[in-house]
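S.K.: Supplied in structure tokens, the structure appears directly below.
The values are calculated or read from the model by the stated rules, or taken from the named source; none is laboratory data. Quick caveat: nothing in here was measured; it's all calculated off a predicted structure. Cβ placement follows ideal geometry from the backbone for every residue including glycine, while neighbour counts extend to all protein chains displayed. Calculation scope for accessible area: heavy atoms of the full protein, side chains included, ligands and nucleic acids excluded. Shrake-Rupley method; radii C 1.70, N 1.55, O 1.52, S 1.80 Å.
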Amino acid sequence: MPCERKPMRYGHSEGHTEVCFDDLGRFIVTCGNDGDVRIWESLDDDDPKFITVGEKAYSLALKNGKLVTASSNNTVQIHTFPDGDPDGILTRFTTNATHVTFNSSGSRVAAGSSDFMVKVVELSDSSQQKTLRGHEAPVLGVAFDPKDDFLASSSCDGSVVVWNIEEQTQVISWPLLQKTNDVSNAKSLCRLAWQPRMAKFLAVPVDTKVHLYERGSWDHASTLSDDLLTRPINVVAWSPCGQFLAAGSVGGLLTIWDVNSKLCVEKQKHEKGFTVCGLAWHPSGGQIAYTDTEGCLGLLDGLSTSASDTDAAKQAPAKKPAKDYDDLFDEDDDDRLMDEGRSDTNSPVKNQVAGDDDDDDDFLMPATGRARNRGAILDDENSLDTGSLRLGRDKFGDDDDAGSAVVPAAAPLVPLRPVYEGPLPTPPQKAFQPGSTPAHLTHRFMMWNSVGIVRDYNDEQDNAIDVEFHDTAVHHAMHLTNSLGHTMADLSQEAVLLACPSTDELASKLQCLHFSSWDTNKEWMVDLPKGEDARALCLGQGWAAVATSTLMLRLFSVGGVQREIFSLPGPVVCLAGHGEQLLIVYHRATGFDGEQALGVQLLQLGRRKRQVINGETLPLSHKSYLSWLGFTAEGTPCYVDSDGVVRMLNRSLGNTWTPVCNTRETCKSKSDHYWVVGVHENPQQLRCIPCKGSRYPHTLPRPAVAVLPFKLPLCQTTTEKGQMEEQFWRSALFHNHYSFLSSSGYEIDEDAQSKSQKGQQELLMKMFALSCKLEREFRSVELAELMTQNVVTLAIRYASRSRRMALAQRLSEIALEKASQIQEEGPEEQEEEPEYSSVRRASGYGQSEVAGGRYGNRRNQEEEEEQGEELGEEEDGQEVETEETTETRKRVNPFAKEAGSPVTPSLTPIGKVGRANPFKVLGSGKPPASSGPPRATHILDNMTSSRKSAPLSGSAGKPIKGPVLKPLAPRPKAKTQSTLLQMTGTKAANKKTQENTQPAADKQRQPEAPPAAAPASNSENLRPKTGFQLWLEENRKSIVAEHPDLEETDIIKEAMGRFRTLSAEERLSLTERAKGQTGDAADLKKRKRAEGEGGAGNEHGKAEADESTAKKKKSLDPSSKLSAFAFNKN
């Protein structure tokens, strides 16, 4: 393609200059830094017409007699052409527009701006605008798809994005460019272009090559390149026929390729080597106008874009000097083909790009995008003066004859280059600091966390770091000069940690400002070994960690002592620290098809160092990457991926990761995001900054923090059942931290814990009631498995009142099963740990259930008060409470005794006072009543016994406020006495004395499986005998004779087992005999009446005075609502 390069001529003042032709090609139109648009009739026009559009003109577009310009007053204006009359303002931005372009019909204009936005405006009605948000830096260039469906844009954030114009959404985004913070600093303007007519390809200049992407599939079809192109390409333009592509580069080289053959058909050099920043084909295809950054205009004339004209170029000269490089290399096609394979590693599938029908031998051309024809290096430098580099013509051509000549050479090579069509590796995510914004910005956040904010200002005048604390009581704000060029930071209650990368002269450095130190030297610095760069860092309580480029993790004390050092399994992605926990995320392998393969390690760095999570996979959403990593304020690891899904560690389910929130669900637009800065479990809050049209916030104005709620992605959360299930499991997950903190030796807020336990049990009871209403009895039993012991009794009462006797029977079996489990686990540990705790739920969820027991007791107490006439089940009521408190001693809440309140009665060692009767009733001397039906009623009978244990919950003391990091100390016994006094406060004075002298074991071990009696103790004569006690007295000798080596508790167990085998009639007669000894017949009537009404079991009453006291207490108890809910809906 021979052409003539015309001499350049001055057009505008120095700076960015753009050029285009009018529709008919009669005028060349340019704009530049002087704010003028000049209209040239030809390159020789000495007096071009000009239109002043502003102080500076950044871009122009011309179609159908309308001239659109982007000027320095942040507007896009319209003028008539060629008259130059102003025709109004098309649209405005908050900063200057960088590029404007028309669509193929001229009906709409697209404009990209430095405020990260792209707007598409209808020319006929400028109010009809579409705004495309999603770029995270100034926009470099925009281009309309010829079919008007898509718009392509490139940006300083390094991405090239294809948008669906109507839906205003991103179709695809390619991270192709180097990131910068402004158009003026960009290495390339990256002006993209769509192929006209066929609209098959989008051409994107990427460094020294041009990538062609196929429209629709968006596959990387091929790459155009040339050996002489050593500087980035700025701008590309298609010939009107769509067969040729011209490119102008930073070094001033103009290159033209035939897209079908991937061959470079023309190369021209700018006469002074200035950067080409504007390029336009004449509508006829015979000329190319171009402009440079010095404001000059040039022209390539005499181009021929028809296939016949290029035929002559295919004949290689018969004799040519040996130093013509094409002759040397064209003989060796083997090497050339291999070279092509290496040149395009990014090509997903090396598809062969065929022309329409005019190119029959395209199958010979590897579609790697590397042109085979290297332009000849000139014989001598003087030949530059001719203005044209003489091209060595390639032997390959477009016609069949030329193609057939090379078939023998090319054919054997096809099998040597198999095409890989499998999944493609994903570029690994780069290391980052959670809570920071990208490093290429001049003003950025280096860290935003729950302690404070670290900002970096890096512009021409100043490079400084500002540290600001949310709570100024921690420390006052600091201003630091950033002379070392720190790029990473972390902030804790103790210190600020900074790190900078290495340079040619200086090593990578770690700098710590330990502002909480009590001495005067508050700063220390460490140089990392040569060749080792800091990649990520974090601070914990008393330690700092830095991960380096050599797959090493180095630990330091906060005062600067070097501590442990170990190797990482892969390149680090980020670190997070909290207290004694260190969380590390790294690349465990190469991901494929857009997936990242990340691994996670969690280490405890306390006195007993251990690895909690060892290199397991970090789950991410499909084709997403990690965007934030950290801990909740309570110390639970959590992270956020680029799809906005927040996941939290579930310690009670084998350290699995549970999704707890999706921030995208609350975004109004697809281009909006939430930038997470903190997570709290109590209250449940996700603290984040809303970013409109961006992934991260700007430093000014100061962004406002929003609070998002959590929601587990359970099914059917619009239904009442789904909502309650979601609330229950979310509560269970978000209160796991209590058991973690307690096992780590921290004090916990017992008030908040008991509140959460109570809420969970309320939800279970509501779900139970809902299942009963829906006739789902099996589901009701499943829910009962999750309940605490005392709430199961409430469920039994609800079921029996609802006339669901089969369900009540099943529930009582569950309760007995739980009771027997507790009883089996209990006795050994009762003696070891004399503390009051509570029953653990059968679900296995790891909370220490202090509140579960208390809450159940409270509920049962109210229920029993509500049913005032049915107060007689002291005997069977022993069952549950003893089991509860025996379990108590096994699973002790390590913090129950630290709460500053008398929750924990200490037990006198049993050996000192002889073995007390664990089944003894604490009530007044009323006659006992035996149970009627064998199993179903045993559990109900414990309703009244909860009265005695209610003061335990009543004396729970004040909630703990302030930090939860205190050492533990045992509670004095004096408080136990006050608890016992409270427990019996409503009784007569002589009762108080009597029960205070009882060992605390008696009071805590009240409920046990079926009613039982033990050897007589000093106060036994004051208590009613039960049928079981009577039977035990009669049969005790025979049991002892059979098992002479049994201890007291084992004798009672054996007796209970035998007593259960008796028939209902035998038990009834024993009970009546026991009652006859105490002579109270009135309670028997009450018991029978209670049986007749609800099958609720046998109950005994108390004195009327006691009842009235209970009723007064009932109105004050906060859980009365739920018991009313359960029992008033028969």
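S.K.: Loop only per DSSP, at most 16 neighbouring Cβ atoms within 10 Å: give me the trypsin sites (Lys or Arg not before Pro) in the range 1-48, ordered by residue number.
M.R.: Arg26
S.K.: Heavy atoms only, probe 1.4 Å: what % of the accessible area of the range 63-162 goes to carbon and sulfur, would you let me know? Walk me through the numbers on the way to the answer.
M.R.: Details: 1260 of 3060 Å².
Ligands and nucleic acids excluded, carbon and sulfur give 41 percent.
S.K.: Taking 0.36 nm per residue of sequence separation and subtracting the Cα-Cα distance, how much length would be gained by fully extending the chain between Gln178 and Glu785, in nm to one decimal?
M.R.: 212.7 nm
S.K.: How much area per residue is accessible in the range 99-174 when the probe is 1.4 Å and only protein heavy atoms are counted (Å²)?
M.R.: 30
S.K.: While we're on this one: Once the principal axes of the Cα atoms of the range 56-155 are found, what is the range along each, listed largest first in whole angstroms?
M.R.: Taking max minus min along each principal axis of the Cα atoms, the range 56-155 gives 38, 32, 21 Å.
S.K.: Kindly provide the GluC sites (Glu not before Pro) of the range 444-504 that DSSP labels as loop, not H, G, I, E or B, and whose Cβ sees at most 16 other Cβ atoms within 10 Å.
M.R.: Numbers: sites: Glu460, Glu468, Glu494; in loops: Glu460, Glu494.
Answer by residue number: Glu460.
S.K.: Then there's this: Whole Å is fine, so just give me how far the alpha carbon centre of the range 736-776 lies from that of the range 159-182.
M.R.: Between the Cα centre of the range 736-776 and that of the range 159-182, the gap is 47 Å.
S.K.: To continue, here is another question. Calculate the spin-label point distance for Glu1042 paired with Gln541, positioning each point 7 Å from the Cα along the beta-carbon direction, and give it in nanometres.
M.R.: Reported label-point gap for Gln541 and Glu1042 is 5.6 nm.
S.K.: In whole Hz, with x marking every Gly and Pro, tabulate ³J(HN,Hα) for the range 503-518 from phi via Karplus 6.51 cos²θ - 1.76 cosθ + 1.60, θ = phi - 60°.
M.R.: Here the 3J(HN,Hα) series is 10, 4, 9, 10, 7, 5, 10, 10, 10, 10, 9, 8, 6, 8, 5, 8 Hz.
S.K.: Give me, ordered by chain and number, the residues 5 or more places off Glu294 or on other chains with an amide H under 5 Å from its own placed amide H.
M.R.: Answer set, sorted by chain and number: Gly15.
S.K.: Please list, ordered by chain and number, the residues whose modelled amide H lies under 5 Å from the amide H of Ser71; skip anything fewer than 5 residues away on the same chain.
M.R.: Tyr58, Gln77, Ala97
S.K.: In whole percent, how big is the carbon plus sulfur part of the accessible area of the range 453-519, probe 1.4 Å, protein atoms only? Could the numbers behind the result be given before it?
M.R.: Values: 1620 of 3280 Å².
About 49 percent, which is the carbon plus sulfur part of the accessible surface.
S.K.: On alpha carbon coordinates alone, what is the Rg over Rh value for the range 712-802, Rh being the Kirkwood radius?
M.R.: The Rg/Rh ratio comes out at 1.03.
S.K.: Amide H of Gly278: which non-local residues (sequence gap of 5 or more, or other chain) have their own amide H closer than 5 Å, using H built in the peptide plane?
M.R.: The list, which skips near neighbours in sequence, is Thr291.
S.K.: Net charge near Thr442, counting Lys/Arg +1 and Asp/Glu -1 over other residues with Cβ under 13 Å of its Cβ? Don't jump to the answer; show the numbers that get you there.
M.R.: Values: positive: Lys179, Arg444, Arg455; negative: Asp182, Asp456, Asp459, Glu460, Asp462.
So the surrounding residues net to -2.
S.K.: Could you give me the ³J(HN,Hα) list for the range 186-203, computed from phi with Karplus coefficients 6.51, -1.76, 1.60 and θ = phi - 60°, whole Hz, x at Gly and Pro?
M.R.: 3J(HN,Hα) across the range 186-203, in whole Hz: 5, 5, 9, 6, 6, 7, 7, 8, 8, 5, x, 6, 6, 6, 8, 10, 10, 9.
S.K.: Only sites in a loop by DSSP and with at most 13 other Cβ atoms within 10 Å count here; which trypsin sites (Lys or Arg not before Pro) in the range 465-574 make the cut?
M.R.: On the way: sites: Lys509, Lys522, Lys530, Arg535, Arg554, Arg563; in loops: Lys522, Lys530.
Loop-located and lightly packed - Lys530.
S.K.: Moving on. Rounded, prolate or oblate: pick one for the range 506-614, where a ≥ b ≥ c are the square roots of the eigenvalues of its C-alpha gyration tensor, a/c under 1.5 means rounded, and failing that, prolate if a/b is larger than b/c, else oblate.
M.R.: oblate
S.K.: Here's another thing I want to ask about it. Is there a pair in Lys119/Lys668; Lys262/Lys623; Lys66/Lys670; Lys623/Lys758; Lys430/Lys522 whose C-alpha atoms are over 30 Å apart, and which pairs would that be?
M.R.: Lys262/Lys623; Lys66/Lys670; Lys623/Lys758; Lys430/Lys522
S.K.: If you don't mind, another one. Less than 13 Å Cβ to Cβ from Tyr586, Lys/Arg counted +1 and Asp/Glu -1: what total charge do the surrounding residues give?
M.R.: Local net charge: +2.
S.K.: Apply the Karplus curve 6.51 cos²θ - 1.76 cosθ + 1.60, θ = phi - 60°, to the phi angles in the range 672-687 and return the couplings in whole Hz, x for Gly and Pro.
M.R.: Working through the residues one at a time gives 8, 9, 10, 9, 6, 10, x, 10, 10, 8, 9, x, 6, 9, 10, 9 Hz.
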